[in-house]
Amino acid sequence: MNPKLQDCIATDDYREAIQHALVTKTETVATDANILVVHSTPELFGQTFADSLPEDGILLDKEALKSISKATFFDIEYLPETKEVKVVHSVKDVVNSSLFKVKYNVIDWTFPTYMSLFNTNGKWEGEGVTIGLNPKLFARLAGAMGCNPGVSMTLSSPNRAIIVRNTESSAWPSAKGLIMPMMLDV
């Protein structure tokens, strides 16, 4: 199963920068401000594609990500001359080719900083904690991470996001995500 990154992209007009996934040489990041998922770009799209990207990365829209997530096989190529990404994909043995315009992470399109959110400084070791999660958000996060067969969760402090990681046996072992709890009872 290909991760459904398009499920983690904002759909409102007020947050244009997060209506796209940030794709850099090393990481692919998608968020809708409620959940966030990070994948290894080489693991997700292949090393050749990752190496072809500009240093600041590109922004892929929801339609490009949908095309990739539905495919049983895909090949992706960055075309810097035309500022497009070419996706050749197969769905049920029918081969299609699509071109998607990309945006660059320029000043007007600055993607939010996110790596500091994964800094745990250790695991929560206080009293017992009861955590409530929004099941719809968690299901979207799990789909975007490609979770199969399971995940591990880390809570570093009662007022921080929960870090979700795929298990080592997953098809996408380097994927990680964040979700804020709805309820904490410390």
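Coordinate-derived values only; no laboratory data. Since the structure is predicted, the reported quantities are computational estimates derived from the model, not experimental observations. Cβ: placed from backbone, ideal geometry, glycine included. Neighbour counts: every protein chain shown.
For the range 74-87, backbone phi angles converted through the Karplus equation (6.51, -1.76, 1.60; θ = phi - 60°) give residue-by-residue couplings of 8, 10, 10, 9, 8, 10, x, 5, 9, 6, 10, 10, 9, 10 Hz, Gly and Pro being listed as x.
A simple spin-label model places the labels of Glu81 and Lys66 3.0 nm from each other, with each point 7 Å out along Cα-to-Cβ. In the structure displayed, which of Lys25/Lys136; Lys66/Lys176; Lys136/Lys176 lie more than 27 Å apart, Cα to Cα? Beyond 27 Å: Lys25/Lys136.
Here each label is just a point 7 Å from Cα along the line to Cβ, and for Val88 and Asn134 those points are 4.0 nm apart.
Ordering Tyr78, Tyr114 by the number of other Cβ atoms within 10 Å of each residue's own Cβ, fewest first, gives Tyr114, Tyr78.
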